[in-house]
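Trainee: Structure below; questions to follow.
The values are calculated or read from the model by the stated rules, or taken from the named source; none is laboratory data. Predicted model, so just to flag it, every value in this text is computed and none were measured. Neighbour counts are summed over all protein chains in view; Cβ atoms, including those assigned to glycine, are modelled from backbone coordinates with ideal geometry. What goes into the accessible areas is simple: the full protein's heavy atoms, side chains included, and nothing from ligands, DNA or RNA. Shrake-Rupley method; radii C 1.70, N 1.55, O 1.52, S 1.80 Å.
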Amino acid sequence: MPPGGGGPMKDCEYSQISTHSSSPMESPHKKKKIAARRKWEVFPGRNKFFCNGRIMMARQTGVFYLTLILILVTSGLFFAFDCPYLAVKITPAIPVVGGILFFFVMGTLLRTSFSDPGVLPRATPDEAADLERQIDIANGTSSGGYRPPPRTKEVIINGQTVKLKYCFTCKIFRPPRASHCSLCDNCVERFDHHCPWVGNCVGKRNYRFFYMFILSLSFLTVFIFAFVITHVILRSQQTGFLNALKDSPASVLEAVVCFFSVWSIVGLSGFHTYLISSNQTTNEDIKGSWSNKRGKENYNPYSYGNIFTNCCVALCGPISPSLIDRRGYIQPDTPQPAAPSNGITMYGAMQSQSDMAAATPLLQSEPSLTSDEMHLPGKPGLGTPCTSLTLGQPTPPSSMPNLAAEATLSDIMPLKDEHGGHQFLTPDEAPSPPRMLGAGSPLAHSRTMHVLGLASQDSLHEDSVRGLVKLSSV
């Protein structure tokens, strides 16, 4: 600015108006910060998650807590009342071996109970719709007629025909050996069974830990039962049988628990040893999927024909990664609209007491002009510099049509309707900066101007705001 304060200003660009500091309310378009949610929080199955999704269990966990109590109480009584006597009378290796078995049992139990058994992710709505279209094309049915839902597909595995069943809950064709658990409401890969004693399904990803749990529990139960009987016999040789029972009542409780549980645990371990050696699942064995009763040509296509190989594959093979990504973050479908870059609040927001905040803002639905669009004569573009202004002489926006420019506007944008399509707007009704146009201004007494259609009215409305931005920058 030249010294003296009365000369013309230099060319300027349109400046941005920010009402954030003067407006008491936040803009409705400001993007809201939403806390990111993990996938386990909206998991569709009937499961419970702990430790931020790291632990996954079934909802029915009452029997699992009973399993924990039986193992902890029985082992605790054995280490507290039997091991001190046996370590002195026989060998100190007894509590050491018992401790190793106990920790191995607890580790495999928790690993089985807290892990993903191999849950298959459900189909998204788009994937389910695409699958339906593929089925329609394969079946040759029209979209308008009624079509029963598909049931099975057939695939060939090692020369054996295997049927893939359609899951109406997960909206997928289940892969071979997978099944839907009715308790957890999930499709599980290589589904064996749902075990309430471990509080989880037993499938592809935790079967080896389940087998090692029941096998080690069988050894621990037999170990405790055998040495509890040994403890009672040694005491009875010194003080008599009844006195021995009175001196160690905990041994009696341990013997009763182990006696009634050892048969089922050892039997279950033997049954799963047979399943592993033949590379079968409990589900397949119960259904008789590969039984010779179905025909001579019916055989197990998953067996390697060797007991040693089947055991190595089941117990020593690689563990596949989880497919559900339960600790991953949910991607938002539609992000919240961001704040407008010009900083002007919408209609309905509380305006500031300043004169700049009194300007009428633009709605989002109103069209905005770019520098590439055609400009009317005498109308500056969005990126063009402002014309020179003289301080102390406020003028209305240059885009406001006057008497001379009215004919030019009429030539460029013809009227749609000569009589009924006109909309009239007086200069007094047009938005203007407060205290800038006095009552004696020539513009206030100008005759009524024509607004040429809805598009012209929006353009004039936008131009008025641009003029206000320019004046505010001065």
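Trainee: Mind telling me which of the residues Gly45, Gly53 ends up being of a type outside the set (Asp, Glu), assigned to a loop (DSSP other than H, G, I, E, B) and at positive phi?
Mentor: Numbers: Gly45 fails: at positive phi.
Within the list Gly45, Gly53, the selection yields Gly53.
Trainee: Also, I was wondering about something else. Within segment 281-288, is even one residue out of contact with any strand residue (DSSP E or B) (no Cβ under 9 Å at 6 or more places or on another chain) and among the hydrophobic types (A, V, I, L, M, F, W, C)? First the steps, then the outcome.
Mentor: Keep residues of segment 281-288 that are out of contact with any strand residue (DSSP E or B) (no Cβ under 9 Å at 6 or more places or on another chain), which gives 284-285, 287-288.
From the residues that got through so far, the ones that are among the hydrophobic types (A, V, I, L, M, F, W, C) too are none.
No: segment 281-288 contains no residue that is out of contact with any strand residue (DSSP E or B) (no Cβ under 9 Å at 6 or more places or on another chain) and among the hydrophobic types (A, V, I, L, M, F, W, C).
Trainee: Filter segment 300-331 down to the residues that are aromatic (Phe, Trp, Tyr) and crowded, with 16+ Cβ neighbours inside 10 Å and list them by number. Full working, then the answer.
Mentor: Here is the first cut: in segment 300-331, the residues aromatic (Phe, Trp, Tyr) are 302, 304, 308, 329.
Residue satisfying the conditions is Tyr302 alone.
Quick grid of which residues meet (1) farther than 27 Å from Thr112 by Cα; (2) among the hydrophobic types (A, V, I, L, M, F, W, C):
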{"site": "Pro175", "(1), (2)": "no, no"}
{"site": "Cys181", "(1), (2)": "no, yes"}
{"site": "Cys184", "(1), (2)": "no, yes"}
{"site": "Asp192", "(1), (2)": "no, no"}
{"site": "Cys195", "(1), (2)": "no, yes"}
{"site": "Arg205", "(1), (2)": "no, no"}
{"site": "Thr239", "(1), (2)": "yes, no"}
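Condition check ((1) touching a Lys or Arg at 6+ places or on another chain (Cβ under 9 Å); (2) at pLDDT below 75) across all residues:
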| site | (1), (2) |
| --- | --- |
| Arg133 | no, no |
| Pro150 | no, yes |
| Lys153 | yes, no |
| Gly159 | no, no |
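Trainee: Quick one: would you say Ser251 is open to solvent by 30 Å² or more (accessible area, probe 1.4 Å) and either at pLDDT 95 or above or not in a loop (DSSP other than H, G, I, E, B) (or both)? I'd like the intermediate steps shown before the answer.
Mentor: On the way: open to solvent by 30 Å² or more (accessible area, probe 1.4 Å): no; either at pLDDT 95 or above or not in a loop (DSSP other than H, G, I, E, B) (or both): yes.
Criteria not met by Ser251.
Trainee: While we're on this one: If I ask for residues that are of a type in the set (Gly, Ala, Ser) and more than 14 Å from Ser216 (Cα to Cα), which ones from segment 252-271 would you list? It would help to see each step written out before you state the result.
Mentor: Taking segment 252-271 as the starting set, the residues that turn out to be of a type in the set (Gly, Ala, Ser) are 255, 261, 264, 267, 269-270.
The one that is of a type in the set (Gly, Ala, Ser) and more than 14 Å from Ser216 (Cα to Cα): Ala255.
Trainee: Can you tell which of Ala87, Ala80 is modelled with pLDDT of 90 or more and exposed (fewer than 11 other Cβ atoms within 10 Å of the Cβ)? It would help to see each step written out before you state the result.
Mentor: Details: Ala87 fails: exposed (fewer than 11 other Cβ atoms within 10 Å of the Cβ).
Unique residue meeting the criteria: Ala80.
Trainee: Cβ-Cβ under 6 Å, sequence separation 6+ or interchain: first residue in segment 326-337 and of a type outside the set (D, E, K, R) and modelled with pLDDT under 80, partner loosely packed, with under 11 Cβ neighbours inside 10 Å and not in a loop (DSSP other than H, G, I, E, B). Which pairs?
Mentor: Cβ pairs passing all conditions: none.
Trainee: Out of Leu68, Leu109, Leu72, Leu101, I need the residue that is modelled with pLDDT of 95 or more, more than 23 Å from the chain's Cα centre (by Cα), open to solvent by 70 Å² or more (accessible area, probe 1.4 Å) and among the aliphatic types (A, V, I, L, M). Which one?
Mentor: Details: Leu68 fails: open to solvent by 70 Å² or more (accessible area, probe 1.4 Å); Leu109 fails: open to solvent by 70 Å² or more (accessible area, probe 1.4 Å); Leu101 fails: open to solvent by 70 Å² or more (accessible area, probe 1.4 Å).
Just one listed residue meets the conditions, Leu72.
Trainee: May I ask you to list pairs of residues, at least six apart or on different chains, whose Cβ atoms are under 8 Å apart, with the first in segment 140-163 being over 25 Å from Tyr302 (Cβ atoms) and the second being modelled with pLDDT under 60 and of a type in the set (Val, Ile, Thr)?
Mentor: Between residues of segment 140-163 that are over 25 Å from Tyr302 (Cβ atoms) and residues that are modelled with pLDDT under 60 and of a type in the set (Val, Ile, Thr), the close pairs are Arg147/Thr141.
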